[in-house]
Structure formats: C-alpha cells, structure tokens
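Please read the structure below before turning to the comments.
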C-alpha cells in the first residue's frame with residue numbers, strides 16, 4: 001500500500017481522511033498547514049491536500065511540489081472552494097470536491113498509486 005501525506009487544516013476532515021485511508025491499508029502522515037506539509041514532502045508516495053490552508057498557502061505548496069525536480073509526486077486536491085479545472089492547471093493529478101465520499105477518495109488514490 002501507499003504512504004500518503006494528508007494536508008488539511010480542518011481536524012475533523014483530516015481525521016476522516018486518515019481513517020478512510022488507513023482502513024484501506026495505507027500508511028498516513030498528516031499536516032495541519034502548508035509549512036508542516038512542506039517539511040514532510042520527502043517521504044510520501046502521494047499527497048492529499050486542501051488548497052485553503054494556513055502557513056504555506058496550498059496554491060504555492062502545489063506549485064513547489066510541481067517545481068521539484070527530484071520526482072513526480074502525485075497530488076489529489078480536496079477542496080470545497082477551488083474548481084477542478086483550476087486545480088489541474090496548477091498541477092493537481094485529481095480533484096475531489098468537499099464533502100467527499102470514502103469511495104471517491106479511495107478511487108483517486110488507487111488510480112494514482114498503481
């Protein structure tokens with residue numbers, strides 16, 4: 001299974017995503033804000049992130065992930081305010097609108113960690 005970094009400032013949504021992903025056998029590490037997420041980018045196989053996060057802005061964090069030459073890290077944006085089109089233009093591999101279902105999250109992850 002995959003090691004997944006979940007970057008979400010809402011504690012309930014962070015916990016929900018963690019439970020869903022761990023229930024499917026994935027290893028999950030979490031970050032409450034962009035700065036904390038940035039510090040953990042070396043370890044995960046995939047990132048699940050909100051764009052509206054404190055600290056290192058989610059939009060800027062996504063740009064930084066894409067600018068990294070070390071490896072192509074798959075990113076799933078989960079947002080209630082951003083659009084899928086805008087997220088993909090910034091470099092997201094998938095977009096899920098909040099509120100999301102467990103099935104949507106697990107499908108997006110399985111599509112990207114094949």
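Laboratory data are not the source of any read-out in this text; all were calculated from the coordinates shown. A quick note: this is a predicted structure, and the numbers were derived from the prediction, not measured. Here the Cβ is made from the backbone with ideal geometry for all residues, glycine too, and neighbour counts use every protein chain on show.
Annotations
- Extents of segment 67-114, largest first, come to 33, 25, 11 Å (Cα atoms, principal axes, whole angstrom).
- Taking every Cα-Cα distance in the chain and sorting them into 10 Å bins starting at zero, the pair-distance distribution P(r) comes out as 15, 55, 29, 1 percent.
- A Förster radius of 35 Å, combined with the Cβ-Cβ distance separating residue 98 from residue 29, puts the computed FRET efficiency at roughly 0.95.
- Between segment 31-73 and segment 75-93, the alpha-carbon center distance in angstrom: 13 Å
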